[in-house]
1. So which residues in the stretch 405-452 are within 18 Å of the chain's Cα centre (by Cα) and basic (Lys, Arg), if there are any at all?
2. Scan the stretch 357-371 and give yes if some residue there is touching a Gly at 6+ places or on another chain (Cβ under 9 Å) and small (Gly, Ala, Ser), otherwise no.
3. Between a first residue in the stretch 310-329 that is free of Cβ contacts under 8 Å to residues at least 12 places away in the same chain and a second residue that is open to solvent by 30 Å² or more (accessible area, probe 1.4 Å), which pairs have beta carbons less than 7 Å apart while being 6 or more apart in sequence or on different chains?
4. Which of the residues that make up the stretch 118-154 are touching a Leu at 6+ places or on another chain (Cβ under 8 Å) and open to solvent by 20 Å² or more (accessible area, probe 1.4 Å)?
5. Among what's in the stretch 298-333 and is touching a Gly at 6+ places or on another chain (Cβ under 9 Å), open to solvent by 70 Å² or more (accessible area, probe 1.4 Å) and of a type in the set (Val, Ile, Thr), pick the residue that is modelled with the highest pLDDT.
6. For the stretch 62-168, which fully contained helices (runs of 4 or more DSSP H) count at least 3 residues that are closer than 22 Å to residue 236 by Cβ, at pLDDT 95 or above and not acidic (Asp, Glu)?
7. Quick one: is residue 295 of a type in the set (Asp, Glu), touching a residue at least 24 places away in the same chain (Cβ under 8 Å) and surrounded by fewer than 16 Cβ atoms within 10 Å (Cβ to Cβ)?
8. Within the stretch 273-288, count every residue that is within 18 Å of residue 245 (Cα to Cα) and part of a loop (DSSP other than H, G, I, E, B).
Amino acid sequence: MKKYIVGICFSMLFFTSCSDWLNVEPKTTVKEEEVFSRELGFKEALTGAYIKMASTGLYARNLSYGFLDVLGGRYNQGTNQKDYYTFAPDPSSLVESYCESIWSNMYNIIANLNNLLYYCDKNKSVFTTPDYYEIIKGEALGLRAFLHFDLLRMFGPIYKDNPTAKRIAYRTEFNQEPKEMQPSNVVVDSVIADLKRAEILLTKTDPLNFEFPKTEDGNGGTGKDGFLEYRHKRMNLYAVKAMLARVYLYAGNKTEAVNYANQVIDGKYFDLIGDATDVLRSKEIVFSVYVDKFDQQVTDITNGTSYLIVKESFLNEMFDVANDGTNDLRIREGVGFDYGTNGIKMRKYKQENLWASTEGTVVLIRLSEMYYILAECAATPGEAAEFLNKVRNIRGVDPVVCTEANRLDEIEKEYRKEFYGEGQLFFFYKRHAYTTFLHSPVNQMAESNYMFSWPDNETLFGKTN
């Protein structure tokens, strides 16, 4: 592998200009020794990771409202929807291109993060701005953990049933050497280790500038260091804590899941809000990605036929209208969805007239998930209901009563309503090994229907045995 980094840059409100960095021959690539010879190079390399995460092949579509939400039964996909769950090393498979693209793009970002982390320590002396070394290294470690964890959630086994299955490798070096697949519980340990290191680095250094819903000057700018603004669009300290809550729940460690979920809630930087004019519920965003020219993509979404609901009864089932009614902000016409003659379409990403701090936003972690984690880990069904009702009350829904028999069902309903367009529902079903779910086209879901297939090159040339 040639040791070059692709220079990626566009105008973003919260990233500094990189025009001078790109004025190095050749125009599109810069030797890594030059990139990491100054502080600006580290900022730009880290920015490049976020930009690639925000591609349509990853979190700007496929891993949010697109492929993952199709797998979660969100849309009317027609007679071929069952084929989406056929994960097999077959080039003719409908999902093969999705799996290969996700795998290669995410490991490409991880490789560049590993290179950045290597030079972070090798060239530590180039950091002159206070806290920049800790913040940049902390974000990079957090992103590396985030990406590996999502790879595990997609390509890995049903963890609670098969935690030692070898499905992905946790890569920490910048090279092309094949690495043996590791037991999934070893991968989880590595994810937690990186998140813990990130937590230490970001504690007392992360400025925690979230700017919800807008800053004092009214236009999203504070005149401060742009690299340290809009922290909800970066792997901030509380995103790391929220990830630890998510990962510990996945691993079955309820004590630590509760610990970190409470830390996010008690941090007081985020609030549950019921503002019908804020389709994103901005003050709840713990971590997100910024998508350049997202308004154009949204136009394609709303004018197309891929991500729509044909029948109102389909959506009513998704939101349990028979029991909860239609007062819920998340389904309300003109707030949660647009009801048109050609179908029903989600409004969450129609972000016109929002604030600069939430422009072009795809949410990856939101505050409500922390309450749902607490509900899953609660000692009694009554306590679980209290956590669910804190969210339901803000959304305009009557309180629910939980029993031992229905607790998981009530949590599942909240995942259906809360994370529309955010890709989390499929992961919930997989984590709990649901054999069927609402609008599932497969009569009996097995682990093979949940486990993404390896790309052909990985099967042929990797260490998958």
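1. Passing the criteria: 416, 417, 430, 431.
2. Taking every residue of the stretch 357-371 in turn, at least one turns out to be touching a Gly at 6+ places or on another chain (Cβ under 9 Å) and small (Gly, Ala, Ser).
3. The qualifying pairs are 326/332.
4. The answer is 134, 137.
5. 310
6. Values: elements: 67-71, 96-122, 132-155.
Filter on the stretch 62-168 gives 96-122, 132-155.
7. On the way: of a type in the set (Asp, Glu): yes; touching a residue at least 24 places away in the same chain (Cβ under 8 Å): yes; surrounded by fewer than 16 Cβ atoms within 10 Å (Cβ to Cβ): yes.
When the stated conditions are applied, residue 295 passes them.
8. Counting residues in the stretch 273-288 that are within 18 Å of residue 245 (Cα to Cα) and part of a loop (DSSP other than H, G, I, E, B) gives 0.
The values are calculated or read from the model by the stated rules, or taken from the named source; none is laboratory data. Since the structure is predicted, the reported quantities are computational estimates derived from the model, not experimental observations. In this analysis, Cβ positions are derived from the backbone assuming ideal geometry, glycine residues included, and neighbour counts consider all displayed protein chains. Accessible surface areas use protein heavy atoms only, side chains included; no ligands, DNA or RNA. Shrake-Rupley method; radii C 1.70, N 1.55, O 1.52, S 1.80 Å.
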